[in-house]
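The values are calculated or read from the model by the stated rules, or taken from the named source; none is laboratory data. Note that this is a predicted model, so its numbers are computed, not measured. We place every Cβ from the backbone using ideal geometry, glycine too, and count neighbours over all the protein chains shown. The area values use the complete protein model at the heavy-atom level, side chains included, leaving out ligands, DNA and RNA. Shrake-Rupley method; radii C 1.70, N 1.55, O 1.52, S 1.80 Å.
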Amino acid sequence: MDVLSDVTQAIRLKGLISGGLELAAPWGMRVAKRGHPCFYAVARGNCVVEVDGVEGTYSLAGGDLFFLPRSHVHVIRDSRRTKPQPYDKVMARASRDGRPGSPGDGDGPVTAFVAGCFSLDEGPRHPLLSSLPDVIHLRADRRQSAGGLDAALQFIASEAASRAPGVTTVLSRLADILFVQIIRAYVAESGEQSGPWLRALADPQIALVLQRIHEQPDAPWTVESLAREAAMSRSAFAARFTELVGEPVLAYLTRWRMVKAREWLAAPGASVSEVASRVGYTAEAAFAKAFKRVVGVGPGAFRKMAG
């Protein structure tokens, strides 16, 4: 079981790339909060980004990738001296000739970049999303062993610049790949500074326990049985899991079971009692109580909403 892949599938990730842009200085955009993580991949040129609620200014150069997991309000522009305009207004002007990448009204240096977002279903406080910082800036001059990310960025830039049939579908698939490559590059760069849960994936014993939980959410797991999987004492395992994952192991187990239950309840076929069994509950009433506590509504009501 690839835990990261399992989690990525559970959030029903769908990438959307709005296209390539080539903007000649002076240019600037203020981007409102849109409810989805967003990114900018700079192909050439330079720009700066300021994020509401985050201190400092980020300087981006060719090859850099800038990712906002929580889609904060932000400004991206050629220089801090340039007054930003609303994002939609800039995009409309840049695309007025019908092509995905058009120069802006300026006559200064051109910045070429690809912008996009990720639509996803967070569900009950998702462990991966909770582990990410407000801003991830992956600088090209600092990346190590990021061949997959660089290849994805080059392919995206090439596709975004083309007008070939099926380009929208190709970009959507590439965006899904890009998300995983961003996470990989972030973990490789930040190491021990990664957020909880991501750090746990790098710990052999705790990663093995996460793998077992994701492989068998229906197993009658206890702290003792999971400690045995990790070949640790109960107390040492419980403390280590909480430290690395950010919550006690049984709390994580329950929440992950509810993530899977939401996924299965939203799909046609299985009854509530069958879903309860698939996530380790022998009594439907106990499952319904846990589901409502974690998700906020009962399984029956959720199924109606999802349908």
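When the residues of region 59-73 are narrowed to those that are surrounded by fewer than 16 Cβ atoms within 10 Å (Cβ to Cβ) and small (Gly, Ala, Ser), which ends up farthest from VAL135 (Cα to Cα)? Among residues in region 59-73 that are surrounded by fewer than 16 Cβ atoms within 10 Å (Cβ to Cβ) and small (Gly, Ala, Ser), the one farthest from VAL135 (Cα to Cα) is GLY62. The residues of region 1-34 that are surrounded by fewer than 17 Cβ atoms within 10 Å (Cβ to Cβ), more than 15 Å from TYR87 (Cα to Cα) and polar (S, T, N, Q), listed by number, are SER5, GLN9. Please work out which residue is surrounded by the most Cβ atoms within 10 Å (Cβ to Cβ), limiting yourself to region 35-58 and to residues that are touching a strand residue (DSSP E or B) at 6+ places or on another chain (Cβ under 6 Å) and charged (D, E, K, R). That would be GLU50.
Quick one: is SER162 more than 26 Å from ARG12 (Cβ to Cβ), open to solvent by 50 Å² or more (accessible area, probe 1.4 Å) and among the hydroxyl-bearing types (Ser, Thr, Tyr)?
Values: more than 26 Å from ARG12 (Cβ to Cβ): yes; open to solvent by 50 Å² or more (accessible area, probe 1.4 Å): no; among the hydroxyl-bearing types (Ser, Thr, Tyr): yes.
So SER162 does not fit the description; no.
Go through region 191-208 and count every residue that is open to solvent by less than 70 Å² (accessible area, probe 1.4 Å) and either in contact (Cβ under 8 Å) with a residue 60 or more places away in the chain or charged (D, E, K, R) (or both). Summing the residues that are open to solvent by less than 70 Å² (accessible area, probe 1.4 Å) and either in contact (Cβ under 8 Å) with a residue 60 or more places away in the chain or charged (D, E, K, R) (or both) in region 191-208 gives 9.
So that you can scan it fast, the table gives a plain yes or no per residue for (1) more than 18 Å from ASP203 (Cβ to Cβ); (2) among the aromatic types (Phe, Trp, Tyr):
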| residue | (1), (2) |
| --- | --- |
| MET232 | no, no |
| ALA236 | no, no |
| PRO248 | no, no |
| ARG257 | yes, no |
| TRP264 | yes, yes |
| MET305 | yes, no |
